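The values are calculated or read from the model by the stated rules, or taken from the named source; none is laboratory data. The structure displayed is predicted, hence computed values, not measured ones. We place every Cβ from the backbone using ideal geometry, glycine too, and count neighbours over all the protein chains shown.
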Amino acid sequence: MLIDLAAHPEWREKCKREIQRVLSHYLGDSLSSATLSERLGAIPFSVWEDELPILEACTRESQRISITLLTLRRNLHEDMKFGEHVVKRGDFLAYSMGDVHLNPDYYPEPYKYDPGRWLRPDPLPNAPYTFLGWGAGRHPCPGMKMARLEMKLILAMFLMRYEFDLVDEDGKFPDPLPVPNRNDPHQVRVVL
């Protein structure tokens, strides 16, 4: 997320403005001498969930682009037919989230970092399971709400406390931007 925001400073500034707006709206000058963590901690939980659409859009877009590995592995309880193929009971299945998260039918320009796609009135196509960042179906991540709160709080603390830029080995903004090595199952390295 921080790399995405460093690569797209316009979105980083939008996030900072949104956080500043929330701080001034809910706290005003009442905690002006408090530390940043105390001020952020005084913001009601419902605000973190419902009143930070830009921060939410940026976290979702970073998840969409970066979570493209295999997931939803499970053993079936009964035979299942897919076209001409039958997956037998007990067979092991895996699902590539990249097939959805980077699908141009669901996300125009799927490799482009565009948090604005989540701010549109109808951001996703009318198809099931087009965003799998927290799992899907009957058993999505049980800690999703807490994890989203933690992500936003940590991001807010980092954005409000530090100035940071994305630079190459020469200390300059990389042009072109680094592209993740999607052949690396852990996506640890970045190829320039």
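Considering only the range 120-135, how many residues are surrounded by 13 or more Cβ atoms within 10 Å (Cβ to Cβ) and modelled with pLDDT of 80 or more?
Total meeting the criteria: 7.
List pairs: first in the range 116-132 and farther than 28 Å from Glu13 by Cβ, second loosely packed, with under 11 Cβ neighbours inside 10 Å and at pLDDT 80 or above, Cβ under 8 Å, 6+ apart or cross-chain?
Pro125/Asp105
Taking the stated definitions as given, is Ser37 at pLDDT 90 or above, under 29 Å from Glu10 (Cα atoms) and in a helix (DSSP H, G or I)? If you could, list the steps in order and put the result at the bottom.
On the way: at pLDDT 90 or above: no; under 29 Å from Glu10 (Cα atoms): yes; in a helix (DSSP H, G or I): yes.
It is false that Ser37 is at pLDDT 90 or above, under 29 Å from Glu10 (Cα atoms) and in a helix (DSSP H, G or I).
Determine which single condition Asp170 fails, assuming it passes every other condition in (1) loosely packed, with under 13 Cβ neighbours inside 10 Å; (2) at pLDDT below 85.
If we test Asp170 against (1) loosely packed, with under 13 Cβ neighbours inside 10 Å; (2) at pLDDT below 85, just (2) comes out false.
Just for the range 75-102: of the residues that are more than 16 Å from the chain's Cα centre (by Cα) and under 29 Å from Pro178 (Cα atoms), which one is modelled with the highest pLDDT?
If we filter the range 75-102 for residues that are more than 16 Å from the chain's Cα centre (by Cα), which is where we start, we get 75-96, 99.
Okay, now just the ones that are also under 29 Å from Pro178 (Cα atoms), so 94-96, 99.
Details: Ala94: 75, Tyr95: 75, Ser96: 80, Asp99: 86.
Ranking the qualifying residues of the range 75-102, first place goes to Asp99.
Taking the conditions exactly as written (farther than 23 Å from Leu40 by Cβ and more than 13 Å from the chain's Cα centre (by Cα)), does Tyr111 satisfy them or not? Outline the logic, then answer.
Working: farther than 23 Å from Leu40 by Cβ: yes; more than 13 Å from the chain's Cα centre (by Cα): yes.
For Tyr111, the condition - farther than 23 Å from Leu40 by Cβ and more than 13 Å from the chain's Cα centre (by Cα) - is met.
Every residue in the range 135-158 that is in contact (Cβ under 8 Å) with a residue 24 or more places away in the chain and of a type in the set (A, V, I, L, M, F, W, C), please.
Here is the first cut: in the range 135-158, the residues in contact (Cβ under 8 Å) with a residue 24 or more places away in the chain are 135-136, 145, 148-149, 151-153, 155-158.
Across the range 135-158, the qualifying residues are Ala136, Leu149, Met151, Leu153, Leu155, Ala156, Met157, Phe158.
Filter the range 182-192 for residues that are surrounded by 13 or more Cβ atoms within 10 Å (Cβ to Cβ) and part of a loop (DSSP other than H, G, I, E, B); which is modelled with the lowest pLDDT?
If we filter the range 182-192 for residues that are surrounded by 13 or more Cβ atoms within 10 Å (Cβ to Cβ), which is where we start, we get 182, 187, 190.
Okay, now just the ones that are also part of a loop (DSSP other than H, G, I, E, B), so 182, 187.
On the way: Arg182: 68, Gln187: 52.
Going through the qualifying residues, I end up with Gln187.
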